[in-house]
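Asker: Okay, handing you the structure first.
The values are calculated or read from the model by the stated rules, or taken from the named source; none is laboratory data. The structure displayed is predicted, hence computed values, not measured ones. All Cβ positions, glycine included, derive from the backbone under ideal geometry; neighbour counts span all protein chains shown. We work out accessible area using only protein heavy atoms, side chains counted, and drop any ligands, DNA or RNA first. Shrake-Rupley method; radii C 1.70, N 1.55, O 1.52, S 1.80 Å.
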Amino acid sequence: MKLASEQTLELDEGHVTVGQSFSDDPKMTMRNINVFYAEKQAIYDVSIDITKNEVIAMIGPSGCGKSTFLRTLNRMNDTVDGCRVEGDICMDGENLYAPNLDVVELRARVGMVFQKPNPFPKSIRDNVTYGPKIHGLADTRVDLDEILEKSLRKAGLWEEVKDRLDQPGTGLSGGQQQRLCIARAIAVSPEVILMDEPCSALDPIATAKIEELIEELSQNFTIAIVTHSMQQAARVSHRTAYFHLGKLIEVNPTEQVFTMPQHQLTEAYITGRFG
Amino acid sequence: MNNRSDTLSKIQHSLTRRNRAEARFRWYGRCAIFIGLLAVAVLFFDIISKGHGAFRATYIKLDIHYDPELIGINNLADNEQLSAGNWQALSKTALRNKFPDVSGRQDKRRLSKLLSNGAGFDLKDHLLANPQLLGKKESVWVLADDDIDTYFKSWLDGDAYDARMTAKQVQWIAQLHQEDLIALKFNSNLFSRGDSREPEQAGIRGAVMGSFLTLIMTLMLSFPIGVSAAIYLEEFAPKNRWTDFIEVNINNLAAVPSIIFGLLGLAIFINFFHVPRSVPIVGGLVLTLMTLPTIIITSRAAIKSVPPSIREAALGMGASKYQMVLHHVLPLALPGMLTGAIIGMAQALGETAPLLMIGMVAFIVDIPNGFSDPATVLPVQIFLWADSPERAFIEKTSAAIMVLLSFLIIMNTSAVWLRKRLERRW
């Protein structure tokens, strides 16, 4: 079939996100977000809520702005020269871009796991206890050890590394490294965890372990995950947001997105017609 | 089928050509390395063959009688007597007793010229260290004059250089040699004394200490300043036209001829701030100006080589930028920074020109003990000795070069070793 929707695949200027982008019980609310890299606009007028304790997946073709969007949530874009963010981003009603807000505190509350596992070239222990140490969350060694064990257990890594806590974190396998990074992120008890394609550098078995972990973590944390894999989005997330060329096209419960997408572009993407 | 074998033969044809080109290229590389090694070998051979003699000096064995009357003292604790004492008489008398049939004023003078004119003071020091010797006799090896030293060494090598010797002196040496009363011994003066007009008494201790103090000063100033500048430029400074301008100028500074830094130091530190001349403080300041660009450039490269993922990880954990730098970037960049600092220091150790401008070329006999004592440095000492007319300074110059080179080799080896040791993989 020739694409019946060929005309509509072109986005109209005043596109309005379809689906359920708003929530009754939001953890984070984003309104009219525009992001620019110098002169180039990367995100166009995105508004969305993230519900408490949900896993929200962001999918879309390469360069659609999903990673950029994720990085506005803990202001990692601040480190990029020439990056400018417009609009309101609030967590529990508090504006994250308010001039008196300290990004250090924000990043303790909104943790992040990166695409490539990036443990510090230090011991496993130091990797996990780094956050609690710099934020002063533990006073004694005993408290630190407790945090260490709890975080590693939550990340499903404790049994594998408990006998070699003082060996370098960089000596672990790729999947273990990524779980170490997750343990490191949850050691400071953040409220939200951002994951930027956390499995793209991992093999299928390691990926399965991380996905299992995400499901468990969603009981205690709010998780926003960017992924290239639609299957992964379908497996782990409660809601899915589809981005296209910097615009938020559709947000709906994951099941609906993958069975009855509301927008032609979403449908075209999930059925593999582009992306 | 035909077509295919055609392609194959073409490939094979070009393959032999490619292999030949590669083999040729390898030989070019080997030749280049050979030429480089040859240059080093010639340099080392030349310096060692000229300088090895300086590590031994000629001594003459004499029966010294520590006669209080002869010296003109009666109390070893009286400093005034000690400085007025006729110490030279000790060795002169002993020598005359050895050759009793020498007569005539000129011959007697020639005879006493066999010995270094510092011999009396060596005996004084020896006596003060062993006061029980006063009034007694003892056989002592006494330092010979530099002309005797040069003659004796060349004579032992079978190619006697006697241009500065009289026939009688030659005869006396032959007699002493027959009786085993003249010999080459380890030249401890070379390592324990400062500079001197008399080659046999000149040592490099003063220059080594001067170099050490100057380098400490340089390191203490240039490492913290250079590393701070590098960290600020890499991690904190905004990237704009100003920082580009600064970067270009740092690179320019690295290429400025070193004598210009000497003139700058003369104008600023000595003429404007009135820092005393010839002292390690001002030498260190000038060499700091010179090594700063090297340290900044290598430190920036070391910081740049820290993967950005580590920075993101730290920032993502809520580390402040300062904590990110201090906890993660700096430890990873440190080996590179240290290597840069050591290479910068090695450069500073070998630097001569700027120090000439700030008076560290003065003739200084005393060994410097502090940053504000007048001093000279090893390369300047080499320059001074190379300029001296006495033949004995030729081997001294080469010996000082050997010492300087061994310091440089130690520093550069430790740079490589440190980098290997501290380098962490991620």
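One line per residue, one yes/no per condition, for (1) out of contact with any Ser or Thr (no Cβ under 8 Å at 6 or more places or on another chain); (2) modelled with pLDDT under 95:
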{"residue": "B:Gly226", "(1), (2)": "no, no"}
{"residue": "B:Glu235", "(1), (2)": "yes, yes"}
{"residue": "B:Asn251", "(1), (2)": "yes, yes"}
{"residue": "B:Ala255", "(1), (2)": "yes, yes"}
{"residue": "B:Gly265", "(1), (2)": "yes, yes"}
{"residue": "B:Met290", "(1), (2)": "no, yes"}
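Asker: Please report, ordered by residue number, the helices (runs of 4 or more DSSP H) entirely within segment B:232-322 with at least 1 residues that are within 30 Å of A:Arg107 (Cα to Cα).
Answerer: B:241-254, B:280-304, B:308-316
Asker: A further question on this structure: Name the residue that is least open to solvent (accessible area, probe 1.4 Å), counting only residues in segment A:238-265 that are in contact (Cβ under 8 Å) with a residue 24 or more places away in the chain and assigned to a loop (DSSP other than H, G, I, E, B).
Answerer: A:Gly246
Asker: When you go through (1) of a type outside the set (Phe, Trp, Tyr); (2) outside any loop (DSSP other than H, G, I, E, B); (3) open to solvent by 60 Å² or more (accessible area, probe 1.4 Å) one by one for B:Asp180, which number turns out not to apply?
Answerer: (2)
Asker: Restricting attention to segment A:137-152, report how many residues are closer than 23 Å to A:Gly175 by Cα and in contact with a Pro (Cβ under 8 Å, 6 or more places away or on another chain).
Answerer: 1
Asker: Taking segment B:220-267 as the region of interest, how many residues are in contact (Cβ under 8 Å) with a residue 60 or more places away in the chain, exposed (fewer than 12 other Cβ atoms within 10 Å of the Cβ) and within 14 Å of another protein chain (Cβ to nearest Cβ)?
Answerer: Counting residues in segment B:220-267 that are in contact (Cβ under 8 Å) with a residue 60 or more places away in the chain, exposed (fewer than 12 other Cβ atoms within 10 Å of the Cβ) and within 14 Å of another protein chain (Cβ to nearest Cβ) gives 1.
Asker: Going by the structure shown, is B:Val102 over 30 Å from B:Phe152 (Cβ atoms), among the β-branched types (Val, Ile, Thr) and either assigned by TED's automatic domain parsing to the domain that holds B:Asn130 or free of Cβ contacts under 8 Å to residues at least 12 places away in the same chain (or both)?
Answerer: no
Asker: Return yes when B:Pro335 is within 14 Å of chain A (Cβ to nearest Cβ), surrounded by fewer than 21 Cβ atoms within 10 Å (Cβ to Cβ) and within 27 Å of A:Leu194 (Cα to Cα) and no when it is not.
Answerer: In short, no.
Asker: Can I ask one more? Being in contact (Cβ under 8 Å) with a residue 12 or more places away in the chain and more than 7 Å from chain A (Cβ to nearest Cβ) is the filter; apply it to segment B:308-330 and report the residue that is most open to solvent (accessible area, probe 1.4 Å).
Answerer: B:Lys321
Asker: Just to be sure, is A:Val142 farther than 25 Å from A:Val110 by Cβ, in contact (Cβ under 8 Å) with a residue 12 or more places away in the chain and of a type in the set (Val, Ile, Thr)?
Answerer: no
Asker: Right, something else. Looking at segment B:338-355, is at least one residue part of a helix (DSSP H, G or I), of a type in the set (Gly, Ala, Ser), within 14 Å of chain A (Cβ to nearest Cβ) and over 19 Å from the mean Cα position of the chain (by Cα)?
Answerer: no
Asker: Hey, could you check segment A:127-155 for residues that are open to solvent by 60 Å² or more (accessible area, probe 1.4 Å) and within 14 Å of chain B (Cβ to nearest Cβ) and say which is farthest from A:Leu180 (Cα to Cα)?
Answerer: A:Leu137
Asker: Another question, if that's okay. Specify which of the listed residues (A:Val251, A:Val236, A:Val188, A:Val257) is within 13 Å of the chain's Cα centre (by Cα) and not acidic (Asp, Glu).
Answerer: Only one candidate passes the filter, namely A:Val236.
Asker: Of the residues in segment A:1-33, how many are open to solvent by 30 Å² or more (accessible area, probe 1.4 Å) and either at pLDDT 90 or above or assigned to a strand (DSSP E or B) (or both)? Full working, then the answer.
Answerer: Our first condition is that a residue be open to solvent by 30 Å² or more (accessible area, probe 1.4 Å); within segment A:1-33, this holds for A:1-4, A:6-20, A:22, A:24-26, A:29, A:31-32.
In the following step, the residues that additionally are either at pLDDT 90 or above or assigned to a strand (DSSP E or B) (or both) were identified as A:18-19, A:26, A:29, A:31-32.
Final tally of qualifying residues: 6.
Asker: Pull out all pairs, ordered by first then second residue, where Cβ-Cβ is under 7 Å, the residues are six or more apart or on different chains, the first lies in segment B:398-422 and is in the same structural domain as B:Ser211 (by TED's automatic domain parsing) and more than 30 Å from A:Lys122 (Cβ to Cβ), and the second is part of a helix (DSSP H, G or I) and polar (S, T, N, Q).
Answerer: B:Ala400/B:Gln381
Asker: When you go through (1) exposed (fewer than 11 other Cβ atoms within 10 Å of the Cβ); (2) of a type outside the set (A, V, I, L, M); (3) at pLDDT 90 or above; (4) assigned by TED's automatic domain parsing to the domain that holds B:Glu138 one by one for B:Ser116, which number turns out not to apply?
Answerer: For B:Ser116, the failing item is (1).
Asker: Something else now. Applying the selection to segment A:72-122, what residues are within 14 Å of another protein chain (Cβ to nearest Cβ), farther than 29 Å from A:Gly175 by Cα and part of a loop (DSSP other than H, G, I, E, B)?
Answerer: Correct list: A:Asp81, A:Gly82, A:Leu96, A:Leu101, A:Asp102.
Asker: Now for a different question. Answer with yes or no whether B:Leu8 is among the aliphatic types (A, V, I, L, M), out of contact with any helix residue (DSSP H, G or I) (no Cβ under 9 Å at 6 or more places or on another chain) and modelled with pLDDT under 90.
Answerer: Criteria met by B:Leu8.
Asker: Another question about this same structure. Just need a number here: residues in segment A:82-116 that are over 22 Å from A:Val226 (Cα atoms) and either in contact with a helix residue (DSSP H, G or I) (Cβ under 7 Å, 6 or more places away or on another chain) or among the hydrophobic types (A, V, I, L, M, F, W, C) (or both).
Answerer: Final tally of qualifying residues: 3.
Asker: Name the residues in segment B:358-416 that are among the charged types (D, E, K, R) and open to solvent by 40 Å² or more (accessible area, probe 1.4 Å), would you?
Answerer: The first filter runs over segment B:358-416 and keeps only residues among the charged types (D, E, K, R), leaving B:366, B:373, B:387, B:390-391, B:395-396.
Passing the criteria: B:Asp366, B:Asp373, B:Asp387, B:Glu390, B:Arg391.
Asker: State which residue is most open to solvent (accessible area, probe 1.4 Å) when the search covers only segment A:220-237 and only residues that are over 12 Å from A:Ile186 (Cβ atoms) and in a loop (DSSP other than H, G, I, E, B).
Answerer: A:His228
Asker: In segment A:173-188, which residues are open to solvent by 10 Å² or more (accessible area, probe 1.4 Å) and within 12 Å of another protein chain (Cβ to nearest Cβ)?
Answerer: A:Gln177, A:Val188
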